[in-house]
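Asks: I'd like to ask you about the structure that follows.
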Amino acid sequence: MYNRALSLPCLAPVAAAEALPPSGLTLFSNEPPLPVRLISARFGTTVAKWSQLPAAGIPEVAFVGRSNAGKSTAINALCQRKRLAFASKTPGRTQALNYFALGREDEPAAAYLVDTPGYGYAATPLAVRQSWNLLAGRYLAEHAALRGVVLILDCRREVTALDHKLLEFVPVDLPLLVLMAKADKLGKSEREQTRRRIDQTLQSLERPSPLTMIVFSANTGLGLEAAREHVERWLEH
Ligand SMILES: Nc1nc2c(ncn2[C@@H]2O[C@H](COP(=O)(O)OP(=O)(O)O)[C@@H](O)[C@H]2O)c(=O)[nH]1
Ligand SMILES: [Mg+2]
């Protein structure tokens, strides 16, 4: 297991006042850094094998879920983009991790959102499933930069056996945000009953780290702002 300790970039000390530029501009200020906003997301890079992962200094949030759960649609909605993550009715078979960079465009990424390949699509050949375990599974289990994981559930399927399997990869000390997605597909009372059942199932996992569930619909915007704020808070400091 990798060390999850946060490694902060060291700021070089300002040696003397004359080190400051004569214009009066200060190189370092006491102002806290600007918060990282999901709406700044743009494509970063595709990681197809372990050796291509970025160094662990930049915080990451991973999005996981079964194929067709609504993961790409949720990422697009959270980032206010139409086609940042590719959403389709036919689940893709690519096993790569897609990195979306956050922060000012003219600066190196301040953080990353990471779209993981859909888990366990029924028609997925065994070899593809195995390569999921080797890259995405290992990434969730070991990558030190992870600040939290967003699990997307299709509210009509609730927590399936595949979701339980997927969660086995996620270290118990990582904060988890569960989006009960496509909530617009359920009426009000059905939605509330589903929420209670999923909540009970999640509590029974007895994960020691913070676990939050948000009833979510990319179509209506239900839970969107709360989910966005939650992820942005993980990326603070
Ligand atoms: N009604 C409804 N459909 C959704 C919602 N989110 C996703 N979908 C649909 O569910 C299907 C799968 O979505 P997608 O984002 O591609 O799932 P992924 O495989 O998990 O990335 C698509 O047809 C989406 O249009 C939602 O909030 N409401
Ligand atoms: Mg997708």
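Asks: Could you give the length gained by full extension between GLU206 and LEU134, i.e. 0.36 nm per residue of separation minus their alpha carbon distance, to one decimal place?
Replies: Answer, rounded to one decimal: 23.3 nm.
Asks: Given charges of +1 on the Cβ of Lys and Arg and -1 on the Cβ of Asp and Glu, with all other atoms neutral, how large is the dipole of the range 37-234 about its Cα centre, in debye to the nearest 20? Working shown, then result.
Replies: On the way: 27 positive and 19 negative charges, 136 e Å.
Charge dipole, the range 37-234, about its Cα centre: 660 debye, nearest 20.
Asks: Give me the aspartates and glutamates in straight-line cross-link reach of LYS82: C-alpha distance below 17 Å, same-chain residues under 8 apart excluded.
Replies: ASP115, GLU225
Asks: Can you give the net charge of the other residues whose Cβ lies under 11 Å from the Cβ of ASN133, counting K and R as +1 and D and E as -1?
Replies: +2
Asks: What is the calculated FRET efficiency for PHE86 to LYS185, with r their C-beta to C-beta distance and R₀ = 25 Å, to the nearest 0.05?
Replies: 0.70
Asks: Got a sec? Charge dipole of the range 120-216, +1 on Cβ for Lys and Arg, -1 for Asp and Glu; which of ASN133, THR160, ALA144 is way out at the positive end?
Replies: Towards the positive end, the residue furthest out is THR160.
Asks: Check which residues have an amide H placed less than 5 Å from THR160's amide H, if you skip close sequence neighbours.
Replies: none
Asks: Separation between the ALA55 and ASP106 pseudo-spin-labels, each 7 Å from Cα along Cα→Cβ, expressed in nm?
Replies: 2.4
Asks: Moving to a separate point now. Starting from 0.36 nm per residue, how many nanometres of slack lie between ASP173 and ARG196 once their C-alpha separation is accounted for?
Replies: Fully extending the segment from ASP173 to ARG196 adds 5.9 nm.
Just so you know, all these numbers are worked out from the coordinates, no wet-lab data involved. Being a predicted model, the structure only gives us computed values, none of them experimental. Don't worry about glycine lacking a Cβ; one is built from the backbone with ideal geometry, like all the others, and counts go over all protein chains shown.
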